[in-house]
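Down below is the structure, laid out as structure tokens.
The values are calculated or read from the model by the stated rules, or taken from the named source; none is laboratory data. Computed from a predicted structure; not experimentally measured. Every residue, glycine as well, gets a Cβ built from its backbone with ideal geometry; the counts of neighbours run over all protein chains shown.
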């Protein structure tokens, strides 16, 4: 059952209090991420999140009205990450070299945020239950940008197919595969994905 506060009334933050503005919201998300990975979304309570932060549940409500809101904010981190990465390419035709550079940066960031993508896959059922306008617009924005790039006929068809395939390698391995590659260290997995991406993009 979703935990909500009928009338959130935060305590007044004091000097040095973790509820002070400027990063506190992100700290809450970081702690929630750790707990969602450890115990799952359903197995984590708002009280557990607050206790790990050293604040009261009432103070937590100052930033998030419910546990669902925390999960959605973490989910939107994934969308923002993808949107910025693809949006950085601009309107010029994309070359295989440009695409390789983009994917290299994406891989580095995804490896650095591996717990986020792991949490996403482990709690997919809970995430799928959360639907609101911001979420739908984020999906549309990312899909539109990706389709625009891959349908650009200024780039030869075979190159666009290679780009789609390399994109699929990165996201299927580091995002959709969930726990499949947990036994591999970050450096080992990053290197293996890079080799396969290079194979796909190479003529």
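Table for the structure above
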quantity: Evaluation of residue 183 against (1) surrounded by fewer than 14 Cβ atoms within 10 Å (Cβ to Cβ); (2) part of a loop (DSSP other than H, G, I, E, B); (3) at pLDDT 90 or above (one fails), failing number; calculated: (3)
quantity: Residue check, residue 142 out of contact with any strand residue (DSSP E or B) (no Cβ under 9 Å at 6 or more places or on another chain), crowded, with 16+ Cβ neighbours inside 10 Å and at pLDDT below 80; calculated: yes
quantity: Residues that are without any contact (Cβ under 8 Å) to a residue 40 or more places away in the chain and closer than 30 Å to residue 40 by Cβ, drawn from the stretch 145-181; calculated: 168, 169, 171, 172, 173, 180, 181
quantity: Qualifying residue in the stretch 85-97 (condition: modelled with pLDDT of 90 or more, exposed (fewer than 15 other Cβ atoms within 10 Å of the Cβ), assigned by TED's automatic domain parsing to the domain that holds residue 191 and over 14 Å from the mean Cα position of the chain (by Cα)); calculated: yes
quantity: Some residue of the stretch 13-32 being at pLDDT 90 or above, in the same structural domain as residue 197 (by TED's automatic domain parsing) and either in contact with a helix residue (DSSP H, G or I) (Cβ under 6 Å, 6 or more places away or on another chain) or more than 30 Å from residue 156 (Cα to Cα) (or both); calculated: no
